[in-house]
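Asker: After the structure tokens below, expect a handful of questions from me.
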Amino acid sequence: MIKDLFAPTDMTKGAPWKSIVSFTLPMLIGNIAQQLYNTVDSIVVGKCIGDNALAAVGSAGPLLNMLLVLFIGISAGATIMVSQYFGAKERKSLSLTIGNSITVTLIASIFLIICATPFIKPVLKLLNTPDSILNECTNYLTISLVGIAGLAFYNILSGIIRGLGDSVSTLIYLLVATVINIVLDILFVAYLNMGVGGVALATVIAQFISSILCIIKLCKMKEFFDLKFTYLKPVKKYVKTIIKLGLPSGLTQAIFSSAMIVVQSLTNSFGELFIAANIVIMRVDGFAMMPNLSFGMALTTYAGQNVGAGLYDRVVKGAKQGTLIAIGCSTVITVIILIFGKQLMGVFTDTKELVDMSYYLMKILAAGYIAVSISQSLQGIMRGAGDTMTPMWISLLTTVAARVPIAYGISFLTRTPDLPYGRNECIQISLLITWVLGAVLSYVFYKIGKWKTKAIK
């Protein structure tokens, strides 16, 4: 029975909602564990070093996310291909997909380390990062980038394992890595006084460990595919398909990160306290988003396996059930944020002014999580079916054409002698509007049904 928990799951059989929920739960716990990486970083930094250091770690976030777009794309493409080939029971294609994904990840990691490291500090200066946090922010990003292969391989390999229908193994690996991360955070920062560099180093080490555990797991799954050197050799057809399917997802993240970077420049203009408040919000937001992201990822695998097996009616049924469950979870989270928001903010800082500002801004976002549950679920179905372009265009429209102009527009229109940069609520209001618009567009394009024609040939 215990052994079955760690085995690939065939999601083409049984009640759709049961398959989706049983797959989502361990992945949700795993995503929460992964979010603990950043959360523990913030708690340790905020409590042991100070609010400026907390702002430094947070300011590094959007730029680090931008550097990860290559791997997000590879992971998305690999997950879709693995789930569809697994559903279709095509062993050789499954083996080649996994082998080629590993090779492409290694090449991309080396390329990024060599090409991006020299530009970290100049880019931070370009984004108006305050001088008081510039050096710490640079240090954090440099260490994170040098160790990026650990995060990259975990994302790709865990995506492959999830594509095979196993969300329990990745949960266990993340829990192990999270414990290691917490211990090293406390050791490096509280006892060895390594500053924000110690936080980055702790996370890098933990991520490498989780990657190694994923590799060991894949080596033991010989019943379903072959992981041999011959399958690591790049094959044009599979590399091209990985890129074709993954590129829109990578571009979606790039678009989102670009918008975050542009908005970060506006955020920085409001000063260190507001920057720190946004970091606190982002940490709570990270947990609030976990059910939405988990259901989206689960529905990607669910759709992929069922599309691979040609069961489109089952995909539609699962989409409806999965989305309704996701909406219910987000509603509960919204209520919790509204009732216990101040207590949640107080976990990260003892500064009352920072807690009050964070809670006020968080209330603006609260209802938006229900909208995100709709967009993540339906976009997960589209991606799993092979339609990765539609979610990309939705992201382009909402984050670039809507969020950035709205944020800067509100900032401009609310300027006064006392508020030379306008009201800082513009950041959260623009994000809320983006989420609602994304939900509406996702529903419309899901109903149009273009995703039904995008299965891998």
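The values are calculated or read from the model by the stated rules, or taken from the named source; none is laboratory data. Owing to the predicted nature of the structure, the values given are computational and were not obtained by experimental measurement. Heads up, the Cβs are rebuilt from the backbone with ideal geometry, glycines too, and the neighbour counts pull from every protein chain shown. Areas reflect the complete protein model, heavy atoms only, side chains present, ligands, DNA and RNA absent. Shrake-Rupley method; radii C 1.70, N 1.55, O 1.52, S 1.80 Å.
Asker: In nm, what is the difference between 0.36 nm times the number of residues separating Tyr191 and Ala367 and their Cα-Cα distance? Mind showing how you got there, number by number?
Answerer: Numbers: separation 176, 0.36 × 176 = 63.36 nm, distance 4.05 nm.
Full extension of this stretch gives 59.3 nm more.
Asker: Next question. Where the Cα atoms of the range 407-457 are projected onto their three principal axes, how long is each span, largest first, in whole Å?
Answerer: Its Cα atoms span 60, 19, 13 Å along the three principal axes.
Asker: Mind putting a number on the dipole of the chain about its Cα centre? Charges go on the C-beta only, +1 for Lys and Arg and -1 for Asp and Glu, and I need it in Debye to the nearest 20. Don't skip to the end; give the middle numbers.
Answerer: Working: 35 positive and 20 negative charges, 414 e Å.
Dipole of the chain, to the nearest 20 debye: 1980 debye.
Asker: Any idea how far apart Asp313 and Lys125 come out in nm if each label point goes 7 Å out from Cα toward Cβ?
Answerer: 6.5 nm
Asker: Also, quick follow-up: As a quick test, which of the pairs Lys317/Lys447; Lys47/Lys125; Lys92/Lys222; Lys47/Lys352 have an alpha carbon distance above 21 angstrom in this structure? Please report the intermediate quantities before stating the final value.
Answerer: Details: Lys317/Lys447 13 Å; Lys47/Lys125 26 Å; Lys92/Lys222 12 Å; Lys47/Lys352 13 Å.
In this structure, Lys47/Lys125 exceed 21 Å between Cα atoms.
Asker: Express in Å², to the nearest 10, the accessible area of Ser258 obtained by rolling a 1.4 Å probe over the protein heavy atoms while all chains stay in place.
Answerer: 50 Å²
Asker: For the range 150-255, state what percent of all Cα-Cα pairs lands in each successive 5 Å bin, counting from 0 Å until the bin that includes the largest distance.
Answerer: 2, 11, 15, 17, 17, 15, 10, 7, 4, 1, 0
Asker: Can you send over the solvent-accessible area of Thr331, 1.4 Å probe, protein chains only, in Å² to the nearest 10?
Answerer: Accessible area of Thr331: about 60 Å².
Asker: Heavy atoms only, probe 1.4 angstrom, no DNA, RNA or ligands counted: give me Phe340, Phe256 ranked by accessible area, highest first. Walk me through the numbers before you get to the answer.
Answerer: Working: Phe340 105, Phe256 75 Å².
Most to least solvent-accessible, the answer reads Phe340, Phe256.
Asker: Give me the extension gain from Lys92 to Val183: residue separation times 0.36 nm, minus the current Cα-Cα distance, reported in nm with one decimal. Walk me through the numbers on the way to the answer.
Answerer: Numbers: separation 91, 0.36 × 91 = 32.76 nm, distance 4.17 nm.
Length difference between fully extended and current span is 28.6 nm.
Asker: Give, in whole angstrom and from largest to smallest, the semi-axes √(5λ) of the equivalent ellipsoid of the chain, with λ running over the eigenvalues of the Cα gyration tensor. Don't jump to the answer; show the numbers that get you there.
Answerer: Working: eigenvalues 242, 128, 83 Å².
Semi-axis lengths for the chain are 35, 25, 20 Å.
Asker: On to the next question. Would you mind getting me the FRET efficiency between Asp418 and Asn135? Use the beta-carbon distance for r and R0 = 30 Å, nearest 0.05. Each step should come with its number before you reach the end.
Answerer: On the way: r = 31 Å, r/R0 = 1.04.
My answer for the efficiency is 0.45.
Asker: Continuing with the same structure: Mind checking the range 291-376 for trypsin sites (Lys or Arg not before Pro) that DSSP puts in a loop (not H, G, I, E or B) and that have at most 10 other Cβ atoms within 10 Å? Please report the intermediate quantities before stating the final value.
Answerer: Numbers: sites: Arg314, Lys317, Lys320, Lys342, Lys352, Lys363; in loops: none.
Loop-located and lightly packed - none at all.
Asker: Calculated from DSSP H runs of 4 or more alone, at -39500 (n - 2.57) each and per residue, what is the 222 nm mean residue ellipticity of the chain, nearest 500? If you can, show how the numbers build up before the last one.
Answerer: Details: 19 runs with 362 residues, N = 457.
That comes out to -27000 deg cm²/dmol.
Asker: P(r) of the range 57-119 in 5 Å steps, Cα pairs, percent per bin?
Answerer: 3, 16, 22, 19, 14, 11, 8, 5, 2, 0
Asker: Follow-up question, since we're still on this one. List residues of the range 299-325, by number, whose backbone nitrogen lies under 13 Å from a label position 7 Å along Cα→C-beta of Val21.
Answerer: It comes to 321-325, nothing else.
Asker: Let me ask another. Of Val199, Val146, which has the most accessible area and how do the rest follow, probe 1.4 Å?
Answerer: Numbers: Val199 0, Val146 85 Å².
Descending accessible area places them as Val146, Val199.
Asker: From Cα pairs below 8 angstrom and at least 6 apart in sequence, can you work out the relative contact order of the range 56-147, rounded to a whole percent?
Answerer: Working: 49 pairs, mean separation 40.1, N = 92.
Relative contact order of the range 56-147: 44 percent.
Asker: Evaluate Rg over Rh across the range 230-341, taking Cα atoms for both radii and Kirkwood's formula for Rh. Working shown, then result.
Answerer: Numbers: Rg = 19.4 Å, Rh = 17.7 Å.
We get a ratio of 1.10 for the range 230-341.
Asker: Still on this structure, please answer the following. How large is the dipole of the range 280-391 about the Cα centre if only Lys and Arg carry +1 and Asp and Glu carry -1, each at its Cβ, rounded to the nearest 20 debye?
Answerer: On the way: 8 positive and 6 negative charges, 49 e Å.
Using only the charged Cβ atoms, the result is roughly 240 debye.
Asker: Take the alpha carbon atoms of the range 287-446, find their radius of gyration, then divide it by 2.2 N^0.38 Å using N residues; give the quotient.
Answerer: This ratio for the range 287-446 stands at 1.20.
Asker: So how much accessible area does Ile333 have, in Å² to the nearest 10, using a 1.4 Å probe?
Answerer: It works out to around 30 Å².
Asker: Continuing with this model, one more query. In whole percent, what relative contact order does the chain give with Cα contacts below 8 Å and a gap of six or more residues?
Answerer: Worked out over the chain, it gives 24 percent.
Asker: Any idea what the relative contact order of the range 69-214 is, in percent, if you count C-alpha pairs under 8 Å spaced at least 6 apart? Present the calculation step by step, with values, prior to reporting the outcome.
Answerer: Values: 150 pairs, mean separation 44.1, N = 146.
Averaging sequence separation for qualifying contacts and normalising by length gives 30 percent for the range 69-214.
Asker: Right, another one. Among 414-421, 185-192, 432-439, what's the highest-first ranking by average C-beta atoms within 10 angstrom per residue? Show your work: numbers first, answer last.
Answerer: Numbers: 414-421: 10.1, 185-192: 16.5, 432-439: 21.2.
Ranking the peptides 414-421, 185-192, 432-439 by packing returns 432-439, 185-192, 414-421.
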